[in-house]
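The values are calculated or read from the model by the stated rules, or taken from the named source; none is laboratory data. Note that this is a predicted model, so its numbers are computed, not measured. Cβ atoms come from the backbone with ideal geometry, glycine included; neighbour counts cover every protein chain shown. Note: areas computed on protein heavy atoms with side chains; ligands, DNA, RNA excluded. Shrake-Rupley method; radii C 1.70, N 1.55, O 1.52, S 1.80 Å.
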Amino acid sequence: MGNKQIKQHLETAQKTGILKISLQRLQEFPPQLKAYPNVLKTLDLSENRFERVPDELGKLTLLKHLNLSGNKLAELNEVVGELVKLEVLLLMDNLLTRLPKTLANCTHLKTVNLSHNQLKEFPSMLCGLKQLDVLDLSRNRITEVPSEVGGLYVTELNLNQNQISTLAEDVADCPKLKTLRLEENCLQASAFTPRILKDSKICNLAVDGNLFQSKQFTDLDGYDVYMERYTAVKKKMF
């Protein structure tokens, strides 16, 4: 996309509030964005080659939807915490190793996708965000789900294909969690304590590809209570 095309996109976006500049192999943010009026509600810069997010992004405080997936971001600028109206944050397929604590300021977030990055720690700063509904952390390098997870308000948490060997039973305290995906990790059957199976609201627990056989799982204390929830939800669907 040449400068002329980018200019046209920017001019149109001033009217629509939507700017999409994806699949352009851009290595740097369009310089025009630095002095751009604060009108954007949707910004899609996916499938480029950005290695960092500039400070100017923090000026776009009306943003509700930000897509930076498919870039080369190794870290996320703290200015993302200034995007207080943000509802959807898409960062899958990057090189992120950590996230800024300022994300906790984005209290309107509903969907966060961090799949296929290099995260080693669970992003605890997202716990406590009461609007957050779906969190995808699959295909990272997370080894532990910490006790802070109990403050997560999501209905769906995807942790497939990580390196998780420790699961805090505080996951049972998640007030809305219905679907928990933990396939292809390093968990023993004993990680799923009676408190998780009996006292949580989880009704869809995906655990294939861990360090136990399915019979070890079905023999656990509380498995029958979990299955009652699972069956009740299935019946509602049909």
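Out of 232, 189, one residue alone is exposed (fewer than 13 other Cβ atoms within 10 Å of the Cβ) and either touching a residue at least 12 places away in the same chain (Cβ under 8 Å) or hydrophobic (A, V, I, L, M, F, W, C) (or both). It is 232. Taking the criterion of being open to solvent by 20 Å² or more (accessible area, probe 1.4 Å) and more than 22 Å from residue 38 (Cα to Cα), the residues of segment 53-76 that qualify are 72, 74, 75.
Residues in segment 142-166 that are surrounded by fewer than 18 Cβ atoms within 10 Å (Cβ to Cβ) and more than 14 Å from the chain's Cα centre (by Cα): 143, 144, 146, 147, 148, 150, 151, 163, 165, 166. Filter segment 1-45 for residues that are within 15 Å of residue 57 (Cα to Cα), open to solvent by 30 Å² or more (accessible area, probe 1.4 Å) and not in a loop (DSSP other than H, G, I, E, B) and give the result. Across segment 1-45, the qualifying residues are 18, 20, 31, 32, 34, 35, 42. The residue that is farthest from residue 90 (Cα to Cα), among those in segment 1-29 that are touching a strand residue (DSSP E or B) at 6+ places or on another chain (Cβ under 9 Å) and not hydrophobic (A, V, I, L, M, F, W, C), is 12. Going by the conditions given, is residue 113 modelled with pLDDT of 95 or more, under 20 Å from residue 159 (Cα atoms) and in contact with a strand residue (DSSP E or B) (Cβ under 7 Å, 6 or more places away or on another chain)? Taking the combined requirement at face value, the residue satisfies it.
Name every residue in segment 46-68 that is part of a loop (DSSP other than H, G, I, E, B) and among the polar types (S, T, N, Q), in order of residue number. Passing the criteria: 46, 48, 61.
Restrict the check to segment 210-220 and report whether at least one residue is open to solvent by 10 Å² or more (accessible area, probe 1.4 Å), aromatic (Phe, Trp, Tyr) and under 30 Å from residue 98 (Cβ atoms). Taking every residue of segment 210-220 in turn, none turns out to be open to solvent by 10 Å² or more (accessible area, probe 1.4 Å), aromatic (Phe, Trp, Tyr) and under 30 Å from residue 98 (Cβ atoms). Restricting 169, 184 to those that are surrounded by 14 or more Cβ atoms within 10 Å (Cβ to Cβ) and in contact with a Ser or Thr (Cβ under 7 Å, 6 or more places away or on another chain) reduces the list to 169. The residues of segment 113-137 that are of a type in the set (Ser, Thr, Tyr) and either within 11 Å of the chain's Cα centre (by Cα) or outside the structural domain of residue 155 (by the TED database) (or both) amount to a single one, 115. Against the definition (of a type in the set (A, V, I, L, M) and touching a Phe, Trp or Tyr at 6+ places or on another chain (Cβ under 8 Å)), how does residue 68 come out, yes or no? It is true that residue 68 is of a type in the set (A, V, I, L, M) and touching a Phe, Trp or Tyr at 6+ places or on another chain (Cβ under 8 Å).
Please work out if residue 85 is surrounded by fewer than 20 Cβ atoms within 10 Å (Cβ to Cβ), more than 17 Å from residue 40 (Cα to Cα) and not small (Gly, Ala, Ser). No.
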